[in-house]
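Input: a single structure, listed below in structure tokens.
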Amino acid sequence: AQSVAQPEDQVNVAEGNPLTVKCTYSVSGNPYLFWYVQYPNRGLQFLLKYITGDNLVKGSYGFEAEFNKSQTSFHLKKPSALVSDSALYFCAVRALYNDYKLSFGAGTTVTVRA
Amino acid sequence: GAVVSQHPSWVICKSGTSVKIECRSLDFQATTMFWYRQFPKQSLMLMATSNEGSKATYEQGVEKDKFLINHASLTLSTLTVTSAHPEDSSFYICSAAGTEGYNSPLHFGNGTRLTVT
């Protein structure tokens, strides 16, 4: 079975400071990893993905994530957070290569204070 | 590209009535669609997987007779909440998989806020 853990319910940072949202995963075989962001009363927006290749992937809105196979982690990062980055962030994994289903983490609420 | 339109955005209905929610892929063909339910500040709970032209596959604990899913075409899936009750009030989200392959993200609708009075 595949699963994702987001150990922090909330992350609070000051605007301009680095932002990190943690994610660890558990799958059999190689994972397909995704990060999504959700604003209030909206659906999920895709930020970035890791499939294969370079462990550091860059995505939308200045976000990036680092895949670490030995630690089974895929942490989301942004060098300089903005107030507008305040939202709910989800990490997701897909492991079965004949199934589109994603397993989501519990979500991390990010609050960036001005 | 890859836009998923979900309607309505919000709906209020009386207890005992049925509500239909539509999920459309506007610029791609969606071979598979998913329906989720989300409680405030919580993760998405997968309700069912919908494949065009076949019966939906429901997750354990989801009442298939209460949450009717139809995927009649490659661009449209519908979720009907039958005989709705206040406990069915929630945020419902759909997502769609295109034809890009398994290394591609799912595309999400903007969700439907259902309130049953």
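What follows is calculated from the coordinates using simple rules that are stated; it is not laboratory data. Every value quoted in this text rests on a predicted model; they were computed, and no experiment measured them. Neighbour counts are summed over all protein chains in view; Cβ atoms, including those assigned to glycine, are modelled from backbone coordinates with ideal geometry.
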Legend entry - Rounded Å value of the spacing that divides the Cα centres of the stretch B:53-83 and the stretch B:1-30: 12 Å
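Which trypsin sites (Lys or Arg not before Pro) in the stretch A:1-99 sit in a loop by DSSP (not H, G, I, E or B) and have at most 15 other Cβ atoms within 10 Å of their own Cβ?
Values: sites: A:K22, A:R42, A:K49, A:K58, A:K69, A:K77, A:R94; in loops: A:K22, A:R42, A:K69.
Loop-located and lightly packed - A:K69.
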Inset, instruction - Net charge near A:S26: determine it from the other residues with C-beta under 15 Å of the C-beta of A:S26, scoring Lys and Arg +1 and Asp and Glu -1. - result: +3
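So in the protein assembly as shown, what percent of DSSP beta bridges are antiparallel if you round to the nearest 5?
Working: 69 of 78 bridges.
The antiparallel fraction comes to roughly 90 percent.
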Legend entry - Disulfide-incompatible cysteines by the Cβ rule (no partner under 4.7 Å) in the protein assembly as shown: B:C13
Inset, instruction - Check each of the trypsin sites (Lys or Arg not before Pro) in the stretch B:39-75 and keep only those in coil by DSSP with at most 12 other C-beta atoms within 10 angstrom; list them in order. - result: B:K41, B:K55
Inset, instruction - Find the lysine pairs in the protein assembly as shown meeting two conditions, Cα atoms under 22 Å apart and a separation of 8 or more places or different chains, and report how many there are. - result: 29
Legend entry - Cα gyration tensor category, rounded, prolate or oblate, for the stretch A:48-114 with a/c compared to 1.5: prolate
Legend entry - Point-to-point label distance, A:T109-A:S60, nm (Cα→Cβ direction, 7 Å offset): 2.3 nm
